Amino acid sequence: MEGRRLYAPNDWMYVGRTMYILIHGISAETYFPDVLKLPREKLELLQLGWRASDEGELDGRPFMNTTRPWQVFAWTAARYGELYIRVDSVNLTREGASVMVRLKANSWRQRWSKAEAIDLVASHLRRGEWMPLLTMWLGDGKAERKKVLRGDYKIVIAAKEPWRLGSSKSTRRALVATGKEAFVKLREAAGIYGVLLDRLRAHKWVNIKLATDDNFKAVFKQKGIVTVEGVAMHLHLVSGSLLAEHYTCDIGKALEIADKLKAAGLRPNVVKSGPNYVVYIATADLLRLAERDEAIRKAIALYLTEKAK
């Protein structure tokens, strides 16, 4: 990718908002084991939340469309058994590529309509049962990590009729709960399912951990930060290019940092961004630094791994 151009060996194509490349003939039938070993009533609570969000119905069976690998396994664990899988398309955006996977759980009959499932999630929540809300949030919840990192804890779920779940944050969003305690309840409700989400490194589960574990949050905040000539810089992937940036509201400080980086043989840039000045170094300089600095190399690898999820 370069800007909005996607390059192929002998040509390129322009990528707008999202480009879909349909794929035909890639499908399989398989069996997914019961990895959770939950009692039927607990398993149904997980299923209920998925049905209230991303899960649909096809030929009377539960089905799921997703571009997120972790959702494939998180949903299938709740709908184990005979499974039909089809790779449907490759989706191209300016941020990269993803694969749309369609799954149908042939061992299960769909028991609830979408509206029934949403009402049941709300009913369980009123009685203090948070497990259905957990999987509903994993499906349609808003993963607002920046807000979580600054301590703004809100469970917001996209819904056509938000009033069914809680107060309407907008015409398409329901504010279900607020505060750290709400995320604590989600984490406690997960039980063994949380172990699976942890192994899958589900980004929404990471948000729950950030909201409930101060030590985890402190360590996490250091991700994506590299130190270059004593200057803390934040990694930033934009349009396929990796930058290291330092923000300051003081132009004198920005120029001082730029001079320091130049003295080290780097090629920094200084640009204005709102009320701040940004000193940044581009991909080529970062790669040269990574070749000789193991800490920077590891930080870049970890950052790119997180971005790929």
Between the helical axis of 69-78 and the dominant principal axis of the chain, each derived from Cα atoms, what acute angle in degrees is found, rounded to the nearest 10? 20 degrees
Treating the angle as unsigned and between 0 and 90°, give the value, to the nearest 10°, between the Cα long axis of helix 180-190 and the longest Cα principal axis of the chain. 60 degrees
How many percent of Cα pairs in region 129-170 exceed 13 Å? 57 percent
Length-normalised contact order of the chain in % [C-alpha pairs under 8 Å, at least 6 apart]: 14 percent
Most mobile of Lys42, Lys223, Lys272 per a Gaussian network model of the chain (Cα springs, under 10 Å)? Lys272
Principal axes of the chain: Cα extent on each, largest first, Å: 67, 50, 37
Mind telling me which of Glu181, Glu229, Glu44 comes out most flexible in a GNM of the chain, alpha-carbon contacts under 10 Å? Glu229
Given Cβ point charges of +1 (Lys, Arg) and -1 (Asp, Glu) and nothing else, what value in debye, to the nearest 20, does the dipole of the chain about its Cα centre take? 500 debye
Residues whose modelled amide H sits under 5 Å from the amide H of Ala177, counting only those 5 or more places away in sequence or on another chain, are Ile155
From the C-alpha gyration tensor of region 177-309, square roots of 5λ in Å: 35, 18, 12
Based solely on C-alpha atoms, express the radius of gyration and the Dmax of region 60-199 in angstrom. 16.0, 44
Could you tell me the ratio Rg/Rh of region 194-261? Both radii from Cα atoms, Rh via Kirkwood. 1.13
Calculated FRET value between Glu41 and Tyr84, using beta carbons and R₀ = 25 Å, to 0.05: 0.40
Over all directions, average the projected area of the Cα convex hull of region 30-140 and note it in nm². 7.4 nm²
Too long for a 28 Å Cα-Cα cut-off, among Lys104/Lys147; Lys209/Lys260; Lys185/Lys221, are Lys104/Lys147; Lys209/Lys260
Quote the relative contact order of region 40-145 in percent (integer), defining contacts as alpha-carbon pairs under 8 Å separated by 6+ residues. 39 percent
If the cut-off is a Cα-Cα distance under 18 Å, which aspartates and glutamates reach Lys253, setting aside same-chain residues fewer than 8 apart in sequence? Glu229, Glu245
Placing each pseudo-label 7 Å from Cα in the direction of the beta carbon, Ser123 and Lys272 end up separated by a distance in nanometres of 6.0 nm
When the gyration tensor of region 82-160 is built from Cα positions, what are the square roots of 5 times its three eigenvalues, in whole Å, from largest to smallest? 26, 24, 10
What number, in percent, do you get for the relative contact order of region 114-220 if the mean sequence gap of Cα pairs under 8 Å and at least 6 apart is divided by its residue count? 23 percent
Between Ala28 and Ser107, the two model label points (7 Å from Cα along the beta-carbon direction) sit apart by a distance in nm of 1.7 nm
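Every number in this text was worked out from the coordinates using simple rules, so none of it is lab data. These figures come from a predicted structure and were not determined experimentally. With ideal geometry, Cβ positions are generated from the backbone for all residues, glycine too; neighbour counts draw on all protein chains shown.
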